[in-house]
1. Loop-only trypsin sites (Lys or Arg not before Pro) in the range 141-212, please: DSSP not H, G, I, E or B, and at most 13 other Cβ atoms within 10 Å.
2. Top mean-square fluctuation among H159, H228, H289, Gaussian network model of the chain, C-alpha springs under 10 Å?
3. Principal axes first, then extents: for the Cα atoms of the range 127-263, list largest minus smallest coordinate on each axis, whole Å, largest first.
4. Only residues of the range 34-55 count here: report those whose backbone N is under 16 Å from the spot 7 Å along Cα→Cβ of L91, or say none.
5. Can you tell me the FRET efficiency between E355 and D258 if r is taken as the Cβ-Cβ distance and R0 is 30 Å, rounded to the nearest 0.05?
6. Please give every one of the aspartates and glutamates within straight-line cross-link reach of K280, meaning a C-alpha to C-alpha distance under 18 Å, and leave out same-chain neighbours fewer than 8 residues apart.
7. State, to one decimal in nm, how far the label point of D134 lies from the label point of Q298, with both points 7 Å from Cα in the Cβ direction.
8. Based on the Cβ-Cβ distance of A241 and N199, what FRET efficiency does E = 1/(1 + (r/R0)^6) give at R0 = 25 Å, to the nearest 0.05?
Amino acid sequence: MVEVWSKTLGMNIAVMPGDFVGKEVVAEGMKLLSGVSKRFGFSYQTQHYPHGAEHYLQTNETLPDGVLRELGKADAILFGAVGADPRGNALIPQGLIETDILLKMRFEFDQYINLRPTRLLPGVPSPIRAGAFDMVIVRENTEGLYCQQGGFLYKGTPHEVANQIEVCTRHGVERAVRYAFEYAVQFGRKKVTLVAKTNVLRFAHNLWMRVFEEVKGEYPQIVTEYHHVDACTMYMVNRPASYDVIVTTNMFGDIITDLGAAIQGGMGMAASGNLNPTRKYASMFEPVHGSAPDIAGQGKANPIATFLSVAMMLDFLGQREAGAAIQHAVGEVVKEPKNHTPDLGGSASTAAVTEAMMKQLGVH
């Protein structure tokens, strides 16, 4: 269910910048948030958290249970990026930071929807020539291959066996599919496409197909389609405008949303929301470009994905006018090549893009 929600008191926002450029873009996002709060007359409080790879190297802790409980009580979490610390490659177990911080919050807070708007804005260069497109990808976010179900047999021997089990429950699948349809209705979208692999994954994805067929009957006004995931990757390149709302599994969603980021101008343009639509726990909003240590401290990071994530956060928290204003301002700012950071082929600095956004919004 896509709820319309409004909060009259100040919002409690947990801020976790993370590592490297995560700190830089979140700082710019906080400047923007401060400006729009004054213009649109809402208040908020923040609590900052240092957790990430750097914090782990200093303290040997990832995300303690006490901190996790605090985060869950916030209205929203603004997250930067964690991991990829070259100094700690030999000291940090592979995947520890990502699984014990990012995935831990997704699972513990039941953020079962990963929402990824994928839109090519005017003026933004794309590696494809398919024209304008505007799709939203709804990724199931707490099941599938990410449940860590599996293990090793005879590990380290010539006879080693490794297995990873895809976990799909009717409850988990149905709430993701239903969210996609509810989103389409609420935001005036016309079509929902299920992306899976029913011809090969004949058990797990048969469940997805059966649930999709059942739920779509409740939304006769919405056009529906089914695409195998391999076909979807082709169509996203040669005819992306044919997609409106896509709903898909955790793993396939992880893959096609990054493809979506690439065709919309790169990861610096890609915002996301990890949502608990019931609002029992905090939802988390993050740019998805990673910590990018190779450009950290150089003022080259693209803050647009963070600005769009802030807009998604405000929209989710009932400040829809402020969120819409940020999205409109982004569209106006990126029209101008002078506001393009190096990832978009320009030379604008992180700070310069923020300044252009503040000017466009008429805030300070």
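1. Details: sites: K155, R170, R175, R178, R189, K190, K191, K197, R202, R210; in loops: K155, R189, K190, K197, R202.
Loop-located and lightly packed - K155, K190, R202.
2. Result: H159 has the largest fluctuation of those listed.
3. That works out to 54, 38, 23 Å along the principal axes.
4. 51-55
5. Calculated value: 0.55.
6. Partners found: E3, D65, E70, D75, E108, D110, E140, D315.
7. 3.5 nm
8. 0.45
Since every read-out is calculated from the coordinates, none of them should be taken as a lab result. Since we're looking at a predicted model, the values are computed, not measured. Don't worry about glycine lacking a Cβ; one is built from the backbone with ideal geometry, like all the others, and counts go over all protein chains shown.
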